[in-house]
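The values are calculated or read from the model by the stated rules, or taken from the named source; none is laboratory data. This structure is a prediction, so every number in the text was calculated from the model and none was measured. For neighbour counting, all protein chains shown are included, and Cβ atoms are generated from backbone atoms with ideal geometry for every residue, glycine included.
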Amino acid sequence: MSRNNYNNEIDVFINEFLEKENITKEELLDLLEATGNTFVERGHYDLAGEYFEKFIAIGKELNRIEDVASGLSNLGKIAYVRKDLKKAESSYIEALRIYREIEDRQGEADTLGNIGLIYSDKGELDEALKYHKGALEIDREIGYKQGEASQLGNIGLIYRARGDLSEALEYLKDALKIHREIGHKQGEASDLGNIGLIYSDKGELDEALKYHKGALEIDREIGYKQGEASDLGNIGLIYRAKGELDGALTYLGGALQIHREIGYKQGEASQLGNIGLIYSDKGELDEALTYLEEALKIFTSTQSHPQVLQIYSILSSIFIENEPIKAFSYMKQALEYAPSEENAVRALFNLLSIVTYLVQQNQWEYLQHIGTVQSPQFKDFNSFFAAIGYYAQHKLSRKKEFLNKYHKKRKELDESLLEILDELLREELNSQIVR
């Protein structure tokens, strides 16, 4: 259904409800918010967004700015789930301005925490920690236990991202304790799942499985479908780590089915990618390719840049041993896709790993094609890869013209790339000297 059709249907709904039920616009606000939240819980984010936009419009009309802030926060949450971080941040910042203006401390704390989540997704962990600790301070000051537990959990996840698993576990268990004390079941399930991730990181898979199954039981009990799908996915990954690939496929397939039912595209793409990895583990490469390329299509359409590059990297690693030219093709696509310098660096790092492997394996017949890979952002790397390609052609043909082209490209490199090239070919060049 188009955006205009959504708007028209909601307008008709509002007008008919006002006429038949004889309610005020103030009461209608409550109905719109409740309906929007219901659609969010069911994963119908487009429709939920339209209800919240109507909620904001009526809130402005009635000069109820606290409702405007609430609606903006809900739009931010929808954008965040869809990984539209720019839109999410702008919605949250506007909501934060209003909450501070009306001195709504709980709203301020919640919004600070939500902005912290965005910085976490961006990889800016110090900035994220600053926002979450600011939110935690306010929640403790006003005695808002649910908010306190939420921020403790978020801080725990930042420490996990930093690799400080003991600190992460301490924060998450504190969060779990509070959620259980106040009877917040969804928060309890979330904490159990996050603790399960920590134990997975520590290699304690049976302990991790216990926590994830505990989370799954609660999410099913309360009917939280997105949480259920997440739990199933996490359990599937544990079975993969245990080498039980058929069991992994069962759980991941269940997660995929739910994500499709609720329309959560990001979750659908993630599970498609995970299932692709399982089929790769099983040696069923055609099946793996089908799932991974479907995941790639969704991640590209949702502009999930890190995930797109991750899929390209996975595809390259699958084909590197048997079809290196195809692996190069995927890395070339990654470099052409990379929308920012940060993403291009990640793609270049993956490509350099492939090149290193092929040099170590003396796969010069494949390396001669590396010059076809070009980086739009980093022109110097083009000379670097061209030099390797010419060196490979010299190795295969023993023609001096290719050796001369190698030295010409070598002279174009700056000191850092020259050092990488020399280190990469050092053993090969030394063996020639010995002969």
Given the options 349, 319, 328, 402, name the one that is touching a His at 6+ places or on another chain (Cβ under 7 Å), within 24 Å of residue 276 (Cα to Cα) and among the hydrophobic types (A, V, I, L, M, F, W, C). 328
If we scan segment 313-320, do we find a residue that is within 20 Å of the chain's Cα centre (by Cα), crowded, with 23+ Cβ neighbours inside 10 Å and not in a loop (DSSP other than H, G, I, E, B)? yes
Does segment 154-172 hold any residues that are buried (at least 17 other Cβ atoms within 10 Å of the Cβ) and farther than 15 Å from residue 120 by Cβ, and which are they? 169
For residue 266, state whether it is polar (S, T, N, Q), modelled with pLDDT under 95 and closer than 12 Å to residue 189 by Cα. no
Single residue of 87, 83, 20 found to be charged (D, E, K, R), under 27 Å from the mean Cα position of the chain (by Cα) and modelled with pLDDT under 90: 83
Tell me whether segment 351-359 contains one or more residues that are under 21 Å from residue 283 (Cβ atoms) and either at pLDDT 85 or above or assigned to a helix (DSSP H, G or I) (or both). yes
Can you spot a residue in segment 93-103 that is over 17 Å from residue 66 (Cα atoms) and surrounded by fewer than 16 Cβ atoms within 10 Å (Cβ to Cβ)? no
I'd like the residue in segment 367-384 that is crowded, with 23+ Cβ neighbours inside 10 Å and of a type outside the set (Val, Ile, Thr) and, out of all such residues, is modelled with the lowest pLDDT. 367
Do you know which residues across segment 140-153 are within 18 Å of residue 92 (Cα to Cα) and surrounded by 23 or more Cβ atoms within 10 Å (Cβ to Cβ)? 150, 151
Take the conditions under 26 Å from residue 356 (Cα atoms) and modelled with pLDDT of 95 or more and apply them to residue 254. Does it pass? no
Options 417, 424, 351, 413: the member that is within 36 Å of the chain's Cα centre (by Cα), under 23 Å from residue 332 (Cβ atoms) and buried (at least 21 other Cβ atoms within 10 Å of the Cβ): 351
Given the structure, is residue 261 of a type in the set (D, E, K, R), surrounded by fewer than 20 Cβ atoms within 10 Å (Cβ to Cβ) and modelled with pLDDT of 95 or more? no
Return yes or no: is residue 200 buried (at least 22 other Cβ atoms within 10 Å of the Cβ), within 19 Å of residue 237 (Cα to Cα) and modelled with pLDDT of 95 or more? no
Within segment 67-75, identify whether any single residue is part of a helix (DSSP H, G or I), over 30 Å from residue 300 (Cβ atoms), of a type in the set (D, E, K, R) and over 29 Å from the mean Cα position of the chain (by Cα), and answer yes or no. yes
Which residue out of 332, 326 is of a type in the set (D, E, K, R) and in contact (Cβ under 8 Å) with a residue 24 or more places away in the chain? 332
Looking at segment 370-385, which of its residues are aliphatic (A, V, I, L, M) and in contact with a Leu (Cβ under 7 Å, 6 or more places away or on another chain)? 373
